[in-house]
Amino acid sequence: MSAWEARDGRFRGLYAKPADFKELSRLDPEFSAVVKGRDLDFQDPRSVMQLTKTLLKLDFGIKIDLPDDRLCPPVPNRHNYILWLKDLLDTSSYDKPGQKLTGLDIGTGASCIYPLLGCAQRPWSFIATDIDPSSLTWAKSNVKLNDLSSRINVVPRNADSSLIPLDELGVPCIDFTMTNPPFYESEEEMLRSAKRKQRPPYTACTGSTTEMVTTGGELAFVRRIFAESMLLKERVQWYTAMLGFLSSLTEFIETLRGANIHNYAVTEFLQGNRTRRWAIAWSFRPLRPAQSAARGTKAALSRNILPCASEAEVLAMDLPDAIGEFASTVSAAVGALDLMSWEWDKEAYEGIGRAPDKVWARAWRRRKKREQEAAGGSDTCTSISEMKSDNIFGFKVWIRVSVKQVSVGCRWLEGFDAAAFESFQGFLKATAKTAAGMARMRTAA
Ligand SMILES: C[S@@+](CC[C@H](N)C(=O)[O-])C[C@H]1O[C@@H](n2cnc3c(N)ncnc32)[C@H](O)[C@@H]1O
């Protein structure tokens, strides 16, 4: 297990269970001053604020100061967004986890919570923007308090200036953008919601008007990011946003599909058993995230809004006696294709390959034969290298062995063509069946 995996394991498990307030007050005297036995008064802004400070201190070593009149972020929800980003970025890269990445947090708030949480867990850097002068002052002071001024750049913006100011900052490209946008369309909507939740408005629990209200609500805000993404395209690997309403998510996915963007990811963040938030990510680049990151919501299944599958088991069968030979035959058959690269890990029984196109398909082989004949039998490297980079298909093949069974599957790592992934599954299934037949014959002989 790598050092990153060990650290991530701890962070992943942090809020799986509800917080034990008695234990927190034992660990933090400041928390014990607001808790009553095992209970915390969630209607009291002072208690809510102290809970946030205590969790950040104990779980991440983050120090934070917060004003009374700005939103106090609940840590588990904000942490969920960072956990998801890590999955998204780790699984849509050929590099190992733990790279130095740069993100933009649009609307960082007084807490600057996302950049602080991101920097506590990974060697990331952030541009953190906001339009609220008071929040910006607090955000800067929180960055300083944690000695992170070299990694978090707090940048003031105006309400109508661009949301992703890469050109203004002279930044060519970044790895991700994130935002927890103002939810509501109007102050009345925000006040109605505070009343429903029986909370006094304009406190650390509900947030202020600047934080919570934006023209057109969250959907309009995220559509502004989308419009900018259509110009910046690959300069950002992942554009992401959190949304408070499932209806916003559904409508936004229609916008994505309408623009022919199919490399996207959807997830949900559950906080306790009451509050559910959604998150969406989209990319113009070809690297595709793992299914756990891209299709992380069951509640949205019925709405047909999930991106297409990127993982499949193609065959499961009784364990052949000669499992090593079986694995070698599968690997050799994949490696015999006209690939740009193929690396097979003999111990882990898994391999990663890149193909210039659907090189396993009959149509490809026919074309290659025609080209070879036309070239008088010489190699067709030139035509392969002339293939459009949009057609490149990256994949992982795995063989999993349990006590009695072996299963073979693949993951789509790179490319835009879902049909290529489907046809690759067909090739792999046929290959695995043939390899199993050969292993059986050898055992019988
Ligand atoms: C819901 S708060 C989120 C604060 C913090 N990120 C969090 O999650 O607790 C939304 C933030 O977006 C900021 N905001 C609103 N319009 C903005 C814009 N055009 N550019 C940057 N930030 C904006 C607000 O001032 C506010 O701090």
Subset of segment 83-97, residues more than 8 Å from the chain's Cα centre (by Cα) and buried (at least 22 other Cβ atoms within 10 Å of the Cβ), comes to Ser92
Just a yes or no: is a residue in segment 163-184 near the ligand (Cβ under 10 Å from one of its atoms), farther than 18 Å from Trp282 by Cβ and modelled with pLDDT of 95 or more? yes
Note on segment 98-139: residues over 22 Å from the mean Cα position of the chain (by Cα) and surrounded by fewer than 20 Cβ atoms within 10 Å (Cβ to Cβ) are Ile131, Pro133, Ser134, Thr137
Filtering segment 150-161 down to residues that are more than 24 Å from the chain's Cα centre (by Cα), assigned to a strand (DSSP E or B) and more than 10 Å from the ligand (Cβ to nearest atom) yields none
Heads up, the helices (runs of 4 or more DSSP H) in segment 1-105 (entirely inside) with at least 3 residues that are of a type in the set (Lys, Arg) are 3-12
Those residues of segment 278-298 which are buried (at least 20 other Cβ atoms within 10 Å of the Cβ) and not in a loop (DSSP other than H, G, I, E, B) amount to Trp278, Ala279, Ile280, Ala281, Trp282, Ala293, Ala294, Arg295, Gly296
In segment 83-110, residues that are touching a helix residue (DSSP H, G or I) at 6+ places or on another chain (Cβ under 6 Å), within 16 Å of the ligand (Cβ to nearest atom) and at positive phi total 1
If we ask which residues in segment 118-149 are away from the ligand (no atom under 13 Å from the Cβ), among the small types (Gly, Ala, Ser), closer than 24 Å to Lys86 by Cβ and touching a residue at least 24 places away in the same chain (Cβ under 8 Å), their number turns out to be 2
Selection from segment 397-416 of residues at pLDDT 95 or above and not in a strand (DSSP E or B) yields Gly415, Phe416
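The values are calculated or read from the model by the stated rules, or taken from the named source; none is laboratory data. Keep in mind the model is a prediction, meaning the values are calculated, not measured. When we count neighbours, we look across all protein chains shown, and the Cβ atoms used for this are built from the backbone with ideal geometry, even at glycine.
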